[in-house]
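Engineer: Once you've had a glance at the structure underneath, I'll fire off some questions.
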Amino acid sequence: KQEPANIQVGERELSKLLHRGHFMNSIVDIQIDGATHRTLPRDVQFHPVSDRPVHVDFLRVSSDTTVRVMVPVVFTDEAASPGLKRGAVLNIVRHEIELECPAERIPDQLNISLAGAEIGASIHISAVALPEGVVPTIRDRDFTIATIAAPSGVCAIFSSTTMAAPDAS
């Protein structure tokens, strides 16, 4: 609830933050005229040729600010998935999930365990343990994040056996 301020950020410091990862989900403290402002990066523009950052938009946040952010999904325990062990494929439907959460509690990533996942399994948002106060922006359905699909060779075997002509004898 303050007027926007134009600031200049050192390219080296900004590049370090950008390459560290989770930049768009990280609270960044910016000092302006001796006052510290808690901010959340909202947009980064890069030079079209050199790919160097040329502009960043920051949103001031407070302890009671609720924000919408895209949080990356990370899958763990692949070795503990019977379906993946048998050659199934992990089809990722959503690499990121939009969440609504307090600015102070933005998760870096959502870890989803694949332990026990069989061929044909679907992983929905209801199976993900979200931190307190964090909710998905899509609330009207239990959307799919990933599926464990049969390997293409198995599908070809199934389709050829179901399409075979009946024995004439």
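Engineer: What's the local net charge at Cys101, with K and R +1, D and E -1, over the other residues with C-beta under 10 Å away? Write down the numbers at each step before the final one.
Structural biologist: Numbers: positive: Arg68, Arg105; negative: Glu100, Glu104, Glu132.
Overall, the nearby charge balance is -1.
Engineer: Helix-only estimate, please: 222 nm mean residue ellipticity of the chain, summing -39500 (n - 2.57) across DSSP H runs of length 4 or more and dividing by its residues, to the nearest 500. List each step's numbers first, then the result.
Structural biologist: Values: 3 runs with 25 residues, N = 169.
Result for the chain: -4000 deg cm²/dmol, rounded to the nearest 500.
Engineer: While we're on this one: Per residue of the stretch 122-134, in order, report the coupling 6.51 cos²θ - 1.76 cosθ + 1.60 (Karplus, θ = phi - 60°) as ³J(HN,Hα) in whole Hz, putting x for Gly and Pro.
Structural biologist: 10, 10, 10, 4, 5, 8, 9, 7, 8, x, 4, x, 9
Engineer: Additional query: Rounding to the nearest 20 debye, state how big the charge dipole of the chain is about its Cα centre with +1 on each Lys and Arg Cβ and -1 on each Asp and Glu Cβ.
Structural biologist: Numbers: 15 positive and 21 negative charges, 32 e Å.
With Lys and Arg at +1 and Asp and Glu at -1, about 160 debye.
Engineer: Using heavy-atom solvent-accessible surface (probe 1.4 Å) with all chains present, what is the largest-first order of Ile145, Ile27? Write out the running numbers ahead of the final one.
Structural biologist: Numbers: Ile145 0, Ile27 50 Å².
Ranked from most to least accessible, the order is Ile27, Ile145.
Engineer: Please compute the Kirkwood hydrodynamic radius of the stretch 31-89 from all pairs of different C-alpha atoms, in Å with one decimal. Mind dumping the intermediate values first?
Structural biologist: Numbers: mean 1/r = 0.0623 Å⁻¹.
Taking every pair of different Cα atoms in the stretch 31-89, averaging 1/r and inverting gives 16.0 Å.
Engineer: Which of the listed residues, His22, Val89, Val44, is farthest toward the dipole's positive end in the chain, when Lys, Arg count +1 and Asp, Glu count -1 at the beta-carbon?
Structural biologist: Val89
Engineer: Tell me the Rg and the Dmax, in Å, that the Cα atoms of the stretch 1-115 produce.
Structural biologist: 18.2, 61
Engineer: Sum up the charges of everything whose Cβ sits under 15 Å from the Cβ of Ser50, counting Lys and Arg as +1 and Asp and Glu as -1, but leave Ser50 out. List each step's numbers first, then the result.
Structural biologist: On the way: positive: Arg12, Arg52; negative: Glu11, Asp51.
That sum, taken over residues with Cβ under 15 Å, equals 0.
Engineer: Do me a favour and compute the ellipsoid semi-axes for the stretch 53-115 from its Cα gyration tensor, root of five times each eigenvalue, largest one first, whole Å.
Structural biologist: Values: eigenvalues 223, 39, 15 Å².
So the equivalent ellipsoid measures 33, 14, 9 Å along its semi-axes.
Engineer: In nm, to one decimal, how far is the Ala129 label point from the His19 one, both placed 7 Å along Cα→Cβ?
Structural biologist: Simple spin-label model gives 3.5 nm for this pair.
Engineer: Then there's this: Label-point separation (nm) for Ala5 and Glu78, each offset 7 Å from Cα along Cα-to-Cβ?
Structural biologist: Reported label-point gap for Ala5 and Glu78 is 4.5 nm.
Engineer: Turning to a different aspect of this structure: Would you mind working out the accessible area per residue for the stretch 28-119, using a 1.4 Å probe, and quoting it in Å²?
Structural biologist: Values: 5400 Å² over 92 residues.
With the other protein chains kept in place, the stretch 28-119 gives 59 Å² per residue.
Engineer: I've got another one for you. Using a 1.4 angstrom probe with every protein chain in place, what is the largest-first accessible-area order of Phe143, Phe58? All intermediate terms of the calculation are to be shown ahead of the outcome.
Structural biologist: Values: Phe143 10, Phe58 60 Å².
Reading off the accessible areas and sorting them downward yields Phe58, Phe143.
Engineer: If you don't mind, there's one more thing I want to ask. How much length is gained on full extension from Gln109 to Asn91, taking 0.36 nm per residue of separation minus their Cα-Cα distance? Walk me through the intermediate numbers first.
Structural biologist: On the way: separation 18, 0.36 × 18 = 6.48 nm, distance 1.85 nm.
My answer for the length gained is 4.6 nm.
Engineer: Of the accessible area of the chain, with the probe set at 1.4 angstrom, what percent is carbon plus sulfur?
Structural biologist: Numbers: 5680 of 11070 Å².
The value for the chain is 51 percent carbon and sulfur by accessible area.
The values are calculated or read from the model by the stated rules, or taken from the named source; none is laboratory data. It should be emphasised that the depicted structure is a prediction, and the values quoted were computed from it without experimental measurement. No Cβ is skipped: glycine too gets one built from the backbone with ideal geometry, and neighbour counts run over all protein chains shown. Protein only, heavy atoms only, side chains kept; ligands, DNA and RNA dropped before computing areas. Shrake-Rupley method; radii C 1.70, N 1.55, O 1.52, S 1.80 Å.
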